[in-house]
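Data block below; observations after.
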């Protein structure tokens, strides 16, 4: 035997030194994945709730605005953008008008006639923050919709 | 008595792989329920916002008197957006009541409950029941209150609370 008993034991301890660190690093990947899933889920829900609040503010603005349909649409778009903390982009906001029997009123002479329904729809392409399993995957589309009746009499176009 | 060095080596051996076990336990019993609860509460919150908006609109339309019961039956489900789901068990009802304080006491009338979605939550009005009228506040004689109540549930979003048997869905009320 080349090494003494004491030296052999010392070698065994030396080979185990730092094993907890290595083990910890191995566990770090699934741990961080879980943490990022929680962050991403929270962020997605925050965006969804914010967009929902924004479209509701948009339809409220539309229902009380006495103006032409074009100006009402512009007001709704700016309201939704402001109330959504600039998350919503103008190209993703759709303002639609319906008659009381829920037929599209967009082609009517006065789409925002009192008693008609205004519907605001916003979409948001959500990309998760965590760089895990997202290669080649399309962003998740979050959607928020709200509708109400128009109460203010419109002015002529 | 075991020599101290041998005892320490045994302790080391027992500790090996403990981080993996700890992580599995923590992940299973803390992180995953936390994640499911977070998603469940968050999505139910958005649904509650939609239900509140629909309920307010329903009450506003009912109180204005511009739309009859048939029109409300057609319009409200169409205005409900994603709440008007076709998934089984997802949905609810909108109950519209009118309470009046007449010289003979409180009277109430109620429209046929408007169904939103495909099944789901059902419930009775808390203010206008057969044989019992519970006004939301003291009303003077001649005063009228229009009440909109909405019950709604989406069991697909009740991942955590339904398992505990505590989820009764969303209830919204608005008085005009």
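Some points to look at:
- Among residues of region A:53-72, those that are farther than 13 Å from residue A:85 by Cβ, within 10 Å of another protein chain (Cβ to nearest Cβ) and within 23 Å of the chain's Cα centre (by Cα), counted: 4
- Residue match in region B:22-44 (condition: within 26 Å of the chain's Cα centre (by Cα) and outside any helix (DSSP H, G or I)): no
- Given (1) within 7 Å of chain B (Cβ to nearest Cβ); (2) at pLDDT 85 or above, number of the condition residue A:9 does not satisfy: (2)
A quick yes/no check of all residues on (1) surrounded by fewer than 16 Cβ atoms within 10 Å (Cβ to Cβ); (2) within 30 Å of residue B:31 (Cβ to Cβ); (3) modelled with pLDDT of 85 or more:
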site	(1), (2), (3)
B:101	no, no, yes
B:105	yes, no, yes
B:155	no, yes, no
B:158	no, yes, no
B:163	yes, yes, no
B:167	no, yes, no
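- The set of residues in region A:23-52 that are within 19 Å of residue A:142 (Cα to Cα), out of contact with any strand residue (DSSP E or B) (no Cβ under 6 Å at 6 or more places or on another chain) and at the interface with chain B (Cβ under 9 Å from one of its Cβ atoms) comprises A:37, A:38, A:41, A:42, A:45, A:46, A:49.
- Test for residue B:81: is it under 26 Å from residue A:42 (Cβ atoms) and within 8 Å of chain A (Cβ to nearest Cβ): yes
- Candidates B:42, B:70 - the one that is surrounded by 16 or more Cβ atoms within 10 Å (Cβ to Cβ), free of Cβ contacts under 8 Å to residues at least 24 places away in the same chain and either under 16 Å from residue B:170 (Cβ atoms) or within 14 Å of chain A (Cβ to nearest Cβ) (or both): B:42
The values are calculated or read from the model by the stated rules, or taken from the named source; none is laboratory data. No experiment lies behind these values; they were computed from the predicted model shown. FYI the Cβ positions are ideal-geometry reconstructions off the backbone, even for glycines, and counts take in every protein chain you see.
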